[in-house]
Structures are given as structure tokens and as C-alpha cells.
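Structure record follows, encoded as C-alpha cells.
The values are calculated or read from the model by the stated rules, or taken from the named source; none is laboratory data. On a predicted model such as this, the values are computed, not experimentally measured, just so you know. Every residue, glycine among them, receives a Cβ derived from its backbone with ideal geometry; neighbour counts consider all protein chains shown.
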Amino acid sequence: MSTQQTQNRAPSKKSTAKKFYIETFGCQMNEYDSLILTKLLEKENGISTRTPEQADLIVLNTCAVREKAHTKVYNRLRSLEYLQKKGKKIGVIGCMAQNLREELLYENLPLDFIAGPDSLREIGQYLHGKEAGTHLTLSKTETYEDVIPTVEHHLNNTENKITAFVTIQRGCNNFCTFCVVPYTRGRERSRSVQSIVQEVQNLVDGGIQTVVLLGQNVNSYRYQDTDFVGLVKALLNHTDIERIYFTSPHPKDYPMELIELMAENPRFCNQAHIPLQSGSDSVLKRMKRNYTAKEFLSLIQRFRETVEDVAISTDVIVGFPGETEEDFQQTLEVMEKAEFDSAFMFAYSERKGTIARKRFIDDVPEEVKKRRLNQMIDLQLKRSKAKNEAYVGKTVSVLVEAEAKRSSQQNPQFVGKMRNARKVVFPTPNEKVTIGDYVNVQIDSASSVTLFGNFIGKAEKPTLKRV
Ligand code: SF4
């Protein structure tokens, strides 16, 4: 769970100002929605607070991807009951509200209103006395592109002061059978190029060097005649952002032009997330992923052949309905061939409203899912470590992002990222390093997630290559 708050900004009519508190669960897109909501509530003369106790309005911005996320929200709501008794308004917004709908209101929870991700503009009423309500209309057009969070909104409460996440696209048309997103976030729509360029340049002016473009289906971005490649080119040509990453994509939306752009322009960083989900064609078909294992592997090969030192991450689900031992072995084989640098691996859990829940029986026993998941994680961790160890002895260029957790006055340490998003930790005993610097680090050891090395010296800031 992460918490999203903003610093108090002076509103024009202090005497009528109401205070609000937002707590965010789930993915970066939810974090971004909380920034939008903060901005919307500030426009309504609201003031953000750091604790629910200080607030008149408490909003939990929720996720519906896993059962665990639901349980967390229920527990959090129960812990806030005493505040509702004191007259504070409590709302659940986001994917869980959209997914469970009115069901949530009958659970005997301390809850005054629910709102889906497309109803953020409705929340302001609860600062001004509205008692209760349900706001679950999904929009075909809402992108909140007129509500651009400031750099202060982005940076408040984050340790990494040079990176910002920017939503460019909302919703999904793919209807993978296991996924709840098309039902909780609706159909695909994209923000205008101009609003994204403006937000990214504002962020650069405020000190941001890295931007992560977000969307449920980010590389299916299309605004009028501009596709995702066109958008990235616009950002490279019309902003001074130094590094661009993006997530989360679908394998079908990786045209060669996009891969070539990544190869040609170092600002469009050599890191790609390509969700596999399963390596078995029959499971992929039941998941409605619209590619085969062979097609997936040829996409990986195109990346590896075209983009130097590219790092590829993935998502995999084990225990999808009907997954046999053979299906599972096929997934491990594809993972072996793809040589993923890292992976997010999950055991299947049925989600309300999905096609999989309606059509298939969740028939893989929990202990089998657990065993398969552990086996997969084990193999992937070994592979990730081996891939990281390949850098031992090499000198790599790192953009310094923050002080490392273990840093102290006696032993200052920093953490930063290589262009392909590998995390590097290094001590700087006698050197003055500043966040945002580019430095050279010689790698001397590696774990499955981090490289460790020695500071060699500062490096020149790369020039901003245009397209
Ligand atoms: S493409 Fe992603 S967001 Fe869309 S349905 Fe499939 S898994 Fe869900």
C-alpha cells in the first residue's frame, strides 16, 4: 500500500476550505489518478492532509487485480469506522468500487460513497456536504487531460525526485479472459499529444529527468493520427526529457518502427516489458491473448537483435483454468528461451466479472499453483542473477536517483539506474555526487535485482538527441 498526499497549498477562501485525505492502493495508474483527484479537490477549495484524522473527507483509491487487494481495503475501511462516527465522509473509488459496485455498500462497511475511475470529477461534492452516492458510469472519452498534475503533486511523498509517472492512455479493448480491467476501466482512450507534451515539459522544468508513460495498454495509444511511436517522437522532439520508459503494453502493439526507435534514440530507453502470461498455446488461446508462443518468441528475438543491451521483463500467470503439467513446462521452456531479465509471476486468482470466471472452472488446486509458482520464481531468480552477473567487471553509466537506503554519513551510498533500468548501488566515500548526476560505476557483484559497484567518476550528461 502506498499513500498519496499533497502538501498544503494556500487556497483562496481559507475559511470555507475542507480537508481531504487520499490513500492509494495498487498500481502506478492508481497513483496517477490520486494526483488527478488531488488537483480536482484543490480546485474545489480542498486542502490535502497527511492523516485521515485531520480530514473531513477520506478517500481510498483501490485496486481489483487480486483478492488480497480487496482484503486490504476492507481491513482499512474497518479501521476507519471511528472516524465516520465522528462525521467524516468516507469513499471508496477506483477499480474495486467499479468491480464490486453496490455490493460494497451492503457489506456493513463505514462507507458513504463509491465511485469508479471515470467519476473522479464527482468526488468534490463530498467536500461540500453531499451525503451519499454511487458514481459508476464508465466513459468512452474521459481522459482528465485538462487536469494536469504539477511537479509538486508528482514529487510529494516520493523518494525518487527525478522520476515521474504520466498516464497517457486509459482503458483496454483486449478482454483477456482473466482480466478485470476492461470492466473496471472501460474502453481505450488516449490523451492528446499536446497535453502529454505539456505535462512532460512542465515536469522537466521542475527537475524531472525520467518519465514513465502509463496506460492499461500503453502502446495501443492513439490520438487522432498519432500512434504510440508518434507520441514518443513528439516527446523526443518537443521536450527535454532525458529518459522515457513505458508500461504496461500488449505484445500485439510492438511494431518494428517502435523497436527501431528504441534502438536509435538513447532517450527512449532500452527496457521493454512484454507480458507473456503463458507459454502454452492452448492456455494462451483460453486467455484470449491473440498470439502463440512462437510469435511471442520471435518478438523477443526482434528486440534482442535490434536493441543493444535491451532488458526485457514480463508477467506470467500460473494455474490458469485447465493448465496441465505439460502446459506449465511449456511456459518454463518459453521463459528459458526468452531469457527474461526479470518477471512478475502470479498464481491465477479468479476475478468477479471476467470471462474466465464465467467460462472456466478454476480447477488447478491451490497447492499445485503454489508449487508451480515457487518453481518458476526459483528459476527466474537464478536467471535474473546470472543476467546481472554478466555486468561484473564492466563499467556502466548510471543516472543517480536517490540516496541508498543503507546510506549514512560515514558511508554515503547512492542508488541509480542504467539506461536499461537495472538498479545500481554504489558507495561514494570521497566524492560529492548529486541526485540527477550521470556517473560511471564499475560493477563488482550482483544479486537477482541489484548491481553493486565502485564509483569511477562523474560522466557527461548525454546530449538530447532528437528524432
Ligand atoms: S491487455 Fe492487459 S489490461 Fe487489457 S485485458 Fe489484457 S491483461 Fe487486461
Check: Between residues in segment 124-137 that are assigned to a strand (DSSP E or B) and residues that are exposed (fewer than 13 other Cβ atoms within 10 Å of the Cβ) and charged (D, E, K, R), which pairs lie under 7 Å by C-beta distance while being six or more apart or on different chains?
Finding: 134/102
Item checked: Filtered residue count, segment 344-360, keeping only those that are among the charged types (D, E, K, R), crowded, with 16+ Cβ neighbours inside 10 Å and part of a helix (DSSP H, G or I) -> 1
Note to self: For residue 118, only one of the following conditions fails: (1) in contact with a Gly (Cβ under 9 Å, 6 or more places away or on another chain); (2) assigned by TED's automatic domain parsing to the domain that holds residue 105; (3) surrounded by fewer than 17 Cβ atoms within 10 Å (Cβ to Cβ); (4) in a loop (DSSP other than H, G, I, E, B). What is its number?
What the structure shows: (3)
Notebook entry, point to check: When residue 93 is evaluated against the numbered criteria (1) of a type in the set (A, V, I, L, M, F, W, C); (2) farther than 17 Å from residue 353 by Cα; (3) touching a Lys or Arg at 6+ places or on another chain (Cβ under 8 Å), which criterion, by number, is the only one it fails?
Noted result: (3)
Note to self: Yes or no: segment 302-310 includes at least one residue that is away from the ligand (no atom under 16 Å from the Cβ), closer than 29 Å to residue 391 by Cβ and crowded, with 22+ Cβ neighbours inside 10 Å.
What the structure shows: yes
Check: Where residues in segment 139-175 are among the hydrophobic types (A, V, I, L, M, F, W, C) and within 16 Å of the ligand (Cβ to nearest atom), which of them is nearest to the chain's Cα centre (by Cα)?
Finding: 168
Next item on the list: Quick one: residue 335 ticks every box in (1) touching a helix residue (DSSP H, G or I) at 6+ places or on another chain (Cβ under 9 Å); (2) more than 20 Å from residue 447 (Cα to Cα) except a single one, so which number is it?
Entry: (2)
Margin query: Against the conditions (1) more than 23 Å from residue 147 (Cβ to Cβ); (2) touching a residue at least 60 places away in the same chain (Cβ under 8 Å), where does residue 225 fall short? Just the number, please.
Written below: (2)
Next item on the list: Among residues belonging to segment 217-257 that are small (Gly, Ala, Ser) and closer than 20 Å to residue 186 by Cβ, point out the one that is nearest to the ligand (Cβ to nearest atom).
Entry: 248
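Conditions tested, residue by residue: (1) buried (at least 22 other Cβ atoms within 10 Å of the Cβ); (2) under 15 Å from residue 35 (Cβ atoms); (3) within 13 Å of the ligand (Cβ to nearest atom); (4) of a type in the set (Ser, Thr, Tyr).
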site	(1), (2), (3), (4)
177	no, no, yes, yes
182	no, no, yes, no
187	no, no, yes, no
190	yes, no, no, yes
215	yes, no, yes, no
Next item on the list: Please enumerate the residues belonging to segment 423-455 that are in contact with a helix residue (DSSP H, G or I) (Cβ under 7 Å, 6 or more places away or on another chain) and under 18 Å from residue 243 (Cβ atoms).
Entry: 451
Notebook entry, point to check: Conditions: (1) surrounded by fewer than 22 Cβ atoms within 10 Å (Cβ to Cβ); (2) more than 11 Å from the ligand (Cβ to nearest atom); (3) under 19 Å from the mean Cα position of the chain (by Cα). Residue 211 meets all but one. Number of the miss?
Noted result: (1)
Margin query: over 30 Å from residue 356 (Cβ atoms) and not β-branched (Val, Ile, Thr): is that true of residue 268 in this structure?
Written below: yes
